[in-house]
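Just so it is clear, none of the values below were taken in a lab; they were calculated from the coordinates. Note that the coordinates shown come from a computational prediction; the quantities given were computed from them, not determined experimentally. Neighbour counts are summed over all protein chains in view; Cβ atoms, including those assigned to glycine, are modelled from backbone coordinates with ideal geometry.
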Amino acid sequence: MDKQESEECVREARMVLNLILEDSTSPGNVVQAAERAIGCLQYGDPTSAKRILEGVMTDDLPGTARVRVWNVLQLLEKLAPERY
């Protein structure tokens with residue numbers, strides 16, 4: 001993935017994370033995770049952002065929040081794929 005594609009993934013991820021922050025139905029734990037993930041992305045650390053969001057996926061989330069977090073995780077996977 002080239003730099004332009006990476007920047008586009010980060011931009012899209014931040015856009016979806018901001019939707020989470022603006023949605024009054026988003027649970028508090030998801031809002032906090034979104035805020036932390038945005039901070040990680042601002043500092044160029046998609047791996048940490050991904051781990052933070054993966055942590056809330058185990059919680060009982062409303063459908064909209066779950067789909068948005070999942071969408072961000074898919075974008076971040078392109079930037080920071082797990083290596084086993």
Defining a contact as two alpha carbons under 8 Å apart and six or more residues distant in sequence, what relative contact order in percent does the range 3-79 show? 40 percent
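Between VAL67 and GLU5, what length in nm is gained on full extension when 0.36 nm per residue of separation is reduced by their alpha carbon distance?
Working: separation 62, 0.36 × 62 = 22.32 nm, distance 2.23 nm.
Stretched out fully, the VAL67 to GLU5 stretch lengthens by 20.1 nm.
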Chain lengthening between LEU19 and GLU35 when straightened (0.36 nm per residue, less Cα-Cα): 4.6 nm
14 Å beta-carbon shell around VAL16, net charge (K/R +1, D/E -1): 0
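So how strong a dipole does the range 3-79 carry about its Cα centre when Lys and Arg Cβ are +1 and Asp and Glu Cβ are -1, to the nearest 20 debye? Don't skip to the answer; put the middle values down first.
Numbers: 9 positive and 12 negative charges, 22 e Å.
The calculation lands at about 100 debye.
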Which residue, chosen from TRP70, ASN18, THR47, occupies the Cα position most advanced towards the positive end of the dipole of the chain, where the dipole is computed from +1 (Lys, Arg) and -1 (Asp, Glu) charges on Cβ about the Cα centre? THR47
Trypsin sites (Lys or Arg not before Pro) within the range 1-64: DSSP coil, no more than 12 neighbouring Cβ in 10 Å: none
Neighbour counts of other C-beta atoms within 10 Å: give me SER48, SER6 arranged from fewest to most. SER6, SER48
